[in-house]
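Undergrad: First the structure, which I've put down as structure tokens, then a few questions once you've had a look.
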Amino acid sequence: MKKYLLIGALLFISGAYAQKKITAHTLYQYDELGGINSIDSTAFTYADYRGSILSHQPFFGVDLYGGNNVDMWNWDVPSVNFTQSDTYSGNSNPLSPIPNYSNNKTYDASFRCLTNTESGIVRDVFTYTPSGKLSTQTYEWDNSGTWEADSKKEYKYDASDRLIVRNGYQYPAGVETLTTTDTIEYDGTSNNIIRLISYLSNDNGVSFEPQEEVLTTFTSNQPSSLKYLIDDDSDPNTPLVWFISGTYNYTGMNVTNFVGYMVFGGVPTTTVAVNYDYTYSASNLLLSERVDGMFGMYGRDFTYDADNYLNNVTTLEETSAGGSLFVSSEDLFYYQNTASLVELPAVNVTIFPVPSTDKVTVETTEKITAIQVLSMDGKVMIAQKAGNTVDISSLANGNYLLQVVTNAGTATKTIVKN
């Protein structure tokens, strides 16, 4: 049930700014007695500035470009570009390398990733719209030398380049089958989301038969209410039934609580189906997530280093006997300051106007070879290889980083779109 009730608007948690590179990620998985079930680690090395990431923290919101269609708290290993990766796995010895492991990425002229091949047998393939927006992401596997699709995400935009539809496909018996669809509605010509509707279907390869619907309404881009419906009789010819009604509570911009109530006969009751509580540090960093209710218990704890980089995510799950939580996994992230890595030197640039509604201009005495606009979690939003003016009119209002590459070095500046 957890994955169906975690929905929200993209609201980043603020924190101290720093710039580092991730050097390694290790996942420990435990049994209920604290014994280690498995260890998986990845070490990263880099070729150039594109390996740099920003302050890495969980954020509250629907990940409209990836992940599950109904996630609220999203966190992931920072997006990195590296030239070599060493991965280790094992129940007791984390230093036994997986044979012939490779991770190869290809890019187009605008630094957009075209393919990402892992282990030589699976890969992601990306396509883009003429304006540079992500169009499709297809997960493929190598079937005796032929790449075959396993799943796909498709993104559609309106005339203002706002994402309005995201579809998910599966390929049972090789047949492309629509299994999820999300529809995003905006407030007039603004980028403020006012409603998100998500449908989850079966994958019978015949037709799209919604089994679940999640309707979220927003106020000032923050989710305010949720309506969750299900197919309670598995009959595609009958309408979905309203099952849970939910409300979000905030302190400032931080969501502090979500409460979902049971619905009987189309009327919400006072029976709590699920309750989410979140705690924060004095600097608004997410510290914990706790879930309880009739669908079970779940939790996560988050810790950070001195620069507010996420360095440990501890996941807690309900014991088999019920009634209490145990540590089921730990995600450990390791970083290194970019100053201690081999990088191009920094250069002086001037950015104006800040804030801006449509375009920003870069002034420098050096020759510009590339410019990228990144979201505050390190995702590339705009990439271009020439020119000193960047059109940011298609971006949602908020803070971004402008990364300028010249023949003499690099510079990163914060810009504001409003």
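Undergrad: Cα to Cα, under 12 Å, and not fewer than 8 places away if on the same chain: which aspartates and glutamates meet these conditions relative to Lys21?
TA: Partners within reach: Asp48, Glu343.
Undergrad: Here's another thing I want to ask about it. Label-point separation (nm) for Glu148 and Asn192, each offset 7 Å from Cα along Cα-to-Cβ?
TA: Roughly 4.9 nm, to one decimal.
Undergrad: Considering only Cα-Cα distances, which of the following residue pairs are longer than 29 Å: Lys153/Lys367; Lys227/Lys413; Lys153/Lys385; Lys152/Lys413; Lys133/Lys359?
TA: Violating the 29 Å Cα-Cα cut-off are Lys153/Lys367; Lys227/Lys413; Lys152/Lys413.
Undergrad: Additional query: Can you work out the Karplus-derived ³J(HN,Hα) for every residue in the stretch 178-185? Use 6.51 cos²θ - 1.76 cosθ + 1.60 with θ = phi - 60°, whole Hz, and x for glycine or proline.
TA: With coefficients 6.51, -1.76 and 1.60, one gets 5, 10, 9, 8, 10, 10, 10, 10 Hz.
Undergrad: Please compute the net charge surrounding Tyr28, taking Lys and Arg as +1 and Asp and Glu as -1 over other residues with Cβ under 9 Å from its Cβ.
TA: Around Tyr28, the charge tally is -3.
Undergrad: Tell me, what is the 1.4 Å probe accessible area of Leu325, in Å² to the nearest 10?
TA: Rounded to the nearest 10, the figure is 60 Å².
Undergrad: Tell me the accessible surface of Met262 in square angstrom (1.4 angstrom probe, heavy atoms of protein chains only), to the nearest ten.
TA: About 10 Å², rounded to the nearest 10.
Undergrad: Starting from the amide H of Trp147, placed 1.01 Å from N in the peptide plane, find each other amide H under 5 Å away whose residue is 5 or more places distant or on another chain.
TA: Here nothing satisfies the definition.
Undergrad: Still on this structure, I have one more. With a point put 7 Å past each Cα toward its Cβ, work out how far Phe295 is from Ser131 in nm, to one decimal.
TA: 3.5
Undergrad: Just to be sure I understand the model, the point goes 7 Å from the Cα along the line to the Cβ. What's the resulting Ser329 to Thr238 distance in nm?
TA: 3.6
Undergrad: Could you tell me the accessible area of Asp187 in Å² (1.4 Å probe, neighbours in place), rounded to the nearest ten?
TA: Per-residue accessible area (Asp187): approximately 90 Å².
Undergrad: Order Ile244, Ile382, Ile194 by their accessible area, 1.4 angstrom probe, all chains in place, largest first.
TA: Ile194, Ile382, Ile244
Undergrad: Please give the net charge around Phe264, taking every other residue with its beta carbon less than 15 angstrom from that of Phe264, where Lys and Arg add +1 and Asp and Glu add -1.
TA: Computed value for this residue: 0.
Undergrad: Spelling out what I want: for every residue of the stretch 295-306, take phi, set θ = phi - 60°, compute 6.51 cos²θ - 1.76 cosθ + 1.60 (Karplus), and round to whole Hz; glycine and proline get x.
TA: 9, x, 10, 6, x, 8, 10, 10, 10, 9, 8, 5
Undergrad: Between Thr369 and Ser288, how high is the FRET efficiency from 1/(1 + (r/R0)^6) when r is the Cβ-Cβ distance and R₀ = 51 Å? Nearest 0.05.
TA: Using R0 = 51 Å, I get an efficiency of 0.70.
The values are calculated or read from the model by the stated rules, or taken from the named source; none is laboratory data. What you see is a predicted model; the values in this text were computed from it and never measured. Methodologically, a virtual Cβ is constructed for each residue, glycine included, from the backbone with ideal geometry; neighbour enumeration extends over all protein chains shown. The protein model used for the area step is the full one, side chains on, heavy atoms only, and it has no ligands, DNA or RNA in it. Shrake-Rupley method; radii C 1.70, N 1.55, O 1.52, S 1.80 Å.
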